[in-house]
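The values are calculated or read from the model by the stated rules, or taken from the named source; none is laboratory data. The model shown is predicted, which means the values in this text are computed figures rather than measured ones. Ideal geometry is used to build each Cβ from the backbone, glycine not excepted, and the neighbour counts take in all protein chains shown. Keep in mind that these areas ignore ligands, DNA and RNA; they rest on the heavy atoms of the full protein, side chains included. Shrake-Rupley method; radii C 1.70, N 1.55, O 1.52, S 1.80 Å.
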Amino acid sequence: MKKLFLILAWRNIWRNKKRAFITISSIAASLFFVLFLRQMQFWVYDFNIKNSVAATVGYIQITDSSYVDEKIIDNTLSSNQVDVEALTKIEGVKGVYPRFLSGALVSTGIKSKYAGISGISPETDNKLLKLDIKLRKGTLINADDRAIMITENMADYYQVSVGDSLILMGQGYHGFTAAGIYPIKAILNFPVGELSSMVFMPIKEAQFMHVADNRFTHVLIDIESNNQLEEIYSEVKKVSNDSQISVRTWEEVVPGLKQGIDMDANSGLIISGILYMIVGFGIFGTIVMLHNERKFEFGVLNAIGTNRFDLLFITLTELTILTLIGIVIGNLSSLPLLYYFNQNPIKIGGDAAQAVIDQGFEPYMGTGLFLDVFTANSLAILAIATFVSLYIVIKIIRINALKSMKK
Amino acid sequence: MKKVIETKKVNKIFGDGEIAVHALNDVSIEISEGEFTALVGPSGSGKTTLLNMIGGLDNPNSGNVILNAQDIGMLKKNEMTEFRQKNIGFVFQAYNLIPVLSAYENAEFIMLLQGISSQERKERVYKLLEEVGLKGKENNKPGELSGGQQQRVAVVRALAAKPAYILADEPTANLDSTATNDLLDLMYRLNQEENMTFVFATHDQRVIDRAKRVIYLDDGKVVKDELR
Ligand SMILES: Nc1ncnc2c1ncn2[C@@H]1O[C@H](COP(=O)(O)OP(=O)(O)OP(=O)(O)O)[C@@H](O)[C@H]1O
Ligand SMILES: [Mg+2]
């Protein structure tokens, strides 16, 4: 019985081809634009989180509780406080990286300057920090080396190169002096940010120098996707259930980045909202026109015995198909472009780049293919269409055949 | 003869106070199965109002309307719709077909609502369309048919659903005289051969001439009831 209803709904769509075309294309075009905007935004956030968070502060980081307020070597963790193996087993965890971070006076004997010390595990961290790409001179350190890697900025400052040595002097565990003289094994390219004045050494050597064997300042947890952050965070909390231990997500460690992302995401949401409102009015206009045009017909149909719910079914089917066609076209037409920029992100140059950097982001632009962005925005349009359809729902529910048939 | 339509002291008043219009004033009529009746009277005399009443499309202010042995004052909105679907056939003045459906699809529409099998729908519709001279036009949309042909499809749509009676408000108003005669011939034949009951509201003398009973209305009252 419903088959003729479906036929009727389908043919009704094409009754006014121009209107159908305008409605469908306005839905498709705005969805296309919103998808591009949102997929770009989320790609940029993902990219920045991956780049600035994963390698340096970690998606999730574990420290001694006291270290959060006072970053000194006395407030480090001992290796038996953290169950690295259990953490590694958590679903979605890509890697667990103990770090030993501190600072020291770095000197050639003539020139001295304060710099950060990063004790890393070369076997895993070389990859995480993408050191093979950053390498400019020499070779990367190994776990058992008693050598350091410095940045190009530092090499310029001290006028040193691979093979030369630097003196490191700082504060060790429980009042010991942390000191050593280390040959430079590699020079790396970290032009901006915290890492631009950083001395990298094997974690074992850093612990030794600080007289802090088997201790570390941080355990960084790298995860598959930022979407799982909350989930994994609570799992990590379960494993490291100790008041002496602090577990924090990157959002707490670098709130600036989080704020920047939230602000930017909200601006995107506002733009999407405005577009959706325009689409909503467009669909509403279509519905009002459609009702005026069919009022007489609805009256006839009701008079000859079509009940209100069948009329509703026919009309809502028509509107739903119309909306879905727009949504499908919007999604499909956005795919090639989204895919292209997903595979070929571009580096932004010039003044635009500076603006992006000022916002705290790296100057790269690409687009994501996040499923939830597609579904959320498609559902948003469907919800708007449903909302404005209430107009005709009410009109049909209240139908009076005689009044509808009055010219 | 079985009574299919009965009104008892039906009053219909539109508006209230100064501007109230007493469109039907104590109208009591009875129409039996197989009648071929015309409601006539000057413009504004209440023909359409009465037809709407016995079509279950409007409710009286007082009095009873009993259609096919059912007092429709008891029915709720949805029940009323279903009652019309099962019992009453309508042919309106014009434009009462669905423009996107073919003659065939329009004709089967009510049967579809009634849940009649596709086999039976096909049989009835093809037979009736052929009878009314529309063989070969089954797939034409209303826009591709003349006014007279459209009205014949509307008659087929009403008839195919096997209603207790068919109501027609000025069915010939938009038709030329050939089309009017064809439509009248058709309804007359259906009345003679199938004993289908017809009630028209009309100004058209050609319709009045063919009627077997004429009920005259004036100012909302039945002033004459003439059997021929
Ligand atoms: N919905 C309405 N609201 C107010 N008054 C109405 C309404 N419908 C009908 N009337 C009034 O009721 C009276 C009877 O109208 P009705 O339409 O039944 O006349 P009619 O005999 O069918 O006339 P015509 O021959 O012009 O079709 C008229 O005075 C008309 O103005
Ligand atoms: Mg009238």
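Please state the shape class of region A:76-145: rounded when a/c is under 1.5, otherwise prolate if a/b exceeds b/c and oblate if not, all from the C-alpha gyration tensor. It comes out oblate by the Cα gyration axes. Only DSSP H runs of four or more residues enter the estimate; each adds -39500 (n - 2.57), and after division by the residues of chain A the mean residue ellipticity at 222 nm equals -18000 deg cm²/dmol. Legend: residues in region A:376-407 shielded by at least 40 square angstrom of accessible surface upon adding the remaining protein chains to the isolated chain (1.4 Å probe, heavy atoms) are A:Leu402. Of the GluC sites (Glu not before Pro) found in region A:44-110, those that fall in a DSSP loop while having at most 15 other beta-carbon atoms within 10 Å are A:Glu70, A:Glu91.
Helix B:77-87 and the long axis of chain B differ in direction by around 60°, with both axes built from C-alpha atoms. For A:Ile348, the residues whose modelled amide H falls within less than 5 Å of its own, excluding neighbours fewer than 5 places apart on the same chain, are A:Tyr364, A:Met365.
For the segment B:82-89, counting C-beta atoms of other chains within 10 Å of every residue's C-beta and taking the mean gives 3.
Relative to the longest principal axis of the C-alpha atoms of chain B, give the angle of the C-alpha long axis of helix B:118-131, reported between 0 and 90° and rounded to the nearest 10°. Long axis of B:118-131 versus the principal axis of chain B: about 80 degrees. Pairs from the list A:Lys2/B:Lys137; A:Lys2/B:Lys76; A:Lys407/B:Lys224 with a Cα-Cα gap above 26 Å: A:Lys407/B:Lys224. Over chain B, DSSP H runs of length four or greater, each weighted -39,500 (n - 2.57), average out per residue to a 222 nm ellipticity of -11500 deg cm²/dmol. Comparing B:Gln85, B:Gln119, B:Gln93 in a Gaussian network model of chain B, where Cα atoms under 10 Å apart are tied by springs, the biggest mean-square fluctuation is seen for B:Gln119. Buried on complex formation within region A:305-325 (loss of at least 10 square angstrom of accessible surface versus the isolated chain, 1.4 Å probe, ligands and nucleic acids ignored): A:Gly305, A:Thr306, A:Asn307, A:Arg308, A:Phe309.
A 1.4 Å probe run over the protein assembly as shown, with the rest of the protein chains in place, finds 46 Å² accessible per residue. Among A:Asn266, A:Asn75, A:Asn16, the largest mean-square fluctuation in a Gaussian network model of chain A (Cα springs under 10 Å) belongs to A:Asn16. Using only the Cα atoms of region B:39-95, build the gyration tensor, take square roots of its eigenvalues as a ≥ b ≥ c, and label the shape rounded, prolate or oblate: rounded if a/c is under 1.5, else prolate if a/b is larger than b/c, else oblate. Taking the square roots of the gyration eigenvalues as a ≥ b ≥ c, region B:39-95 is oblate. For the peptides A:324-331, B:14-21, A:241-248, the ranking by packing is A:324-331, A:241-248, B:14-21, with the highest mean count of neighbouring Cβ atoms within 10 Å listed first. For the cross-link pairs B:Lys2/B:Lys47; B:Lys47/B:Lys221; A:Lys127/A:Lys185; A:Lys137/A:Lys185, the ones whose C-alpha atoms lie over 19 Å apart are B:Lys2/B:Lys47. Label separation (A:Lys295 vs A:Phe21): 2.8 nm, computed from points 7 Å beyond Cα along the C-beta direction. The angle between the Cα long axis of helix B:177-194 and the main principal axis of chain B comes to about 90°, on a 0 to 90 degree scale.
Which residue fluctuates the most in chain A, going by a Gaussian network model with Cα springs under 10 Å, if the choices are A:Leu371, A:Leu31, A:Leu319? Most flexible of the set in this elastic network: A:Leu371. Among the helices of chain A, those built from whole DSSP H runs whose Cα atoms reach 20 Å or more along their own axis and whose mean Kyte-Doolittle hydropathy is at least 0.0 are A:17-49, A:255-303, A:308-343, A:371-397. Normalise the Debye intensity by I(0) for region A:59-253, one equal point scatterer per Cα, no solvent, then take log10 at q = 0.09, 0.14, 0.18, 0.19 Å⁻¹ and round to two decimals. Here log10 of I(q) over I(0) equals -0.34, -0.80, -1.22, -1.32.
Averaged over peptide B:105-112, the number of partner chain Cβ atoms lying within 10 Å of each residue's Cβ comes to 3.
Among the protein heavy atoms of the protein assembly as shown, carbon and sulfur supply 56% of the accessible surface, probe 1.4 Å, non-protein parts ignored.
When accessible surface is computed with a 1.4 Å probe, chains B and A are found to bury approximately 2300 Å² between them, both chains counted. In terms of the Cα gyration tensor, with a ≥ b ≥ c the square roots of its eigenvalues, is the protein assembly as shown rounded because a/c is under 1.5, prolate because a/b exceeds b/c, or oblate? Note, shape of the protein assembly as shown comes out prolate.
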